[in-house]
Amino acid sequence: MTFAQLGLCPPILKALAEEGYESPSPIQEKAIPPALDGRDVLGCAQTGTGKTCAFAAPILQRLDGEKVSGRPIRALVLTPTRELALQIQESFAAYGRHLPLRSAVIFGGVGQAPQVEQLKKGVDILVATPGRLGDLYGQKLIDLSKLEIFVLDEADRMLDMGFIHDVRRILGWLPRQKQTLFFSATMPPEVRGLVDGLLVNPVKVAVNPVSSPVEIIEQKLYYVDRGNKTKLLAHLIRELDVKNALVFTRTKHGANKVAGDLAKAGITAAAIHGNKSQTARQQALA
Ligand code: AMP
């Protein structure tokens, strides 16, 4: 199966090829054709399955296919975390790089001014976390009356993180007539309730979870005294030619210390934990 066979248009095919995608993942194969047809989709899929492209590519193509005047928000993607929101908007920018559509992302923990600035210039596709969307909508800085497509991403995590009430409130702001693409890895009763109230005759697509890390990661245990732990770590990173590593520590102070000691040993390292601002976390991840 190729992306072209799924009915995607040349500018998107070109962008996907530039991303290095050779063939569609199972969720993309199943979800893209009905989403392109304007159907509601209920996707049972985790992060890592390629679900972002499964909804982003058809959204880009549908919005590009029908021009509208002005630049109202025509697609809204609601996702539980800031990091996911950023990744999703980057995906829209990547897959849509040959199309004249504009996307933006809004989330809390950072100043709202630059986000408001972008909204004022007009965006076709908005990616948002529930809290900041509610704030800006409450300030009348967001108009959702022209919305055509709504994506609810990671619905079960919205529930886990206590956002389900916010999500229900937001649903009340959306036009009744719209296409909805709904993704959740699991379907607890509250999520099922949302599905029943929101989706109209949806196409149901499910894919197996990506293999769990424990199946594909080789694990090793080293007994080492406290004072030598970071030295051993630096040694292993060098010896094994590790390009990227994630190190977990018990405390925030420990995270800072390990990052500092690695840096002293000449290994680029940064710490993230609950005392770091969103900006500092993003810088560390970058
Ligand atoms: P997601 O589940 O949407 O977070 O995607 C997981 C990762 O897979 C991301 O890094 C994507 O860039 C990548 N990806 C998505 N679809 C494909 C594809 N068809 N071929 C190769 N990589 C892909």
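Every number in this text was worked out from the coordinates using simple rules, so none of it is lab data. Being a predicted model, the structure only gives us computed values, none of them experimental. Cβ: placed from backbone, ideal geometry, glycine included. Neighbour counts: every protein chain shown.
In whole angstrom, note down how far apart the Cα centers of region 246-286 and region 83-126 are.
Value for the Cα centre distance between the two parts: 27 Å.
Taking Cα atoms, how many degrees apart are the long axis of helix 189-198 and the longest axis of the chain, rounded to 10 and kept between 0 and 90?
Once rounded, one gets 30 degrees.
Starting from the 7 Å offset along Cα-to-Cβ, what nm value, one decimal, do you get for the label separation of V200 and T249?
Reported label-point gap for V200 and T249 is 5.4 nm.
With an 8 Å Cα cut-off and a minimum separation of 6 or more residues, compute the relative contact order for region 220-285 in percent.
Numbers: 32 pairs, mean separation 15.4, N = 66.
After rounding, I find 23 percent.
Report, in degrees rounded to the nearest 10, the 0 to 90 angle that the Cα long axis of helix 26-36 makes with the longest principal axis of the chain.
Long axis of 26-36 versus the principal axis of the chain: about 30 degrees.
I'd like the distance separating the alpha-carbon centroids of region 165-204 and region 24-73, in whole Å.
16 Å
Residue separation times 0.36 nm, minus the C-alpha to C-alpha distance between K140 and W173: what's the value? Please list the in-between numbers first.
Numbers: separation 33, 0.36 × 33 = 11.88 nm, distance 1.18 nm.
Contour length minus Cα-Cα distance gives 10.7 nm.
Work out from phi, with θ = phi - 60° and the Karplus expression 6.51 cos²θ - 1.76 cosθ + 1.60, the ³J(HN,Hα) of each residue of region 257-273, listed in order in whole Hz, and give x for Gly and Pro.
5, 4, 4, x, 5, 5, 4, 4, 7, x, 10, 5, 8, 9, 10, 10, 6
Run lengths n ≥ 4 of DSSP H only: what is the helix-derived mean residue ellipticity at 222 nm for the chain, with -39500 (n - 2.57) per run over all residues, to the nearest 500? Walk me through the numbers on the way to the answer.
Working: 13 runs with 127 residues, N = 286.
After summing the helix terms and dividing by residue count, I get -13000 deg cm²/dmol.
Just tell me which lysines come within less than 17 Å, Cα to Cα, of K231; anything on the same chain fewer than 8 places away is out.
Correct list for K231: K220, K257, K264.
Of F182, F92, F248, which has the largest mean-square fluctuation in a 10 Å C-alpha GNM of the chain?
F248
With an 8 Å cut-off on Cα pairs and a minimum separation of 6 or more residues, tell me the relative contact order of region 10-140 in percent.
27 percent.
Cut-off 10 angstrom, C-alpha nodes, Gaussian network model of the chain. Which of A94, A259, A245 fluctuates the most?
A245
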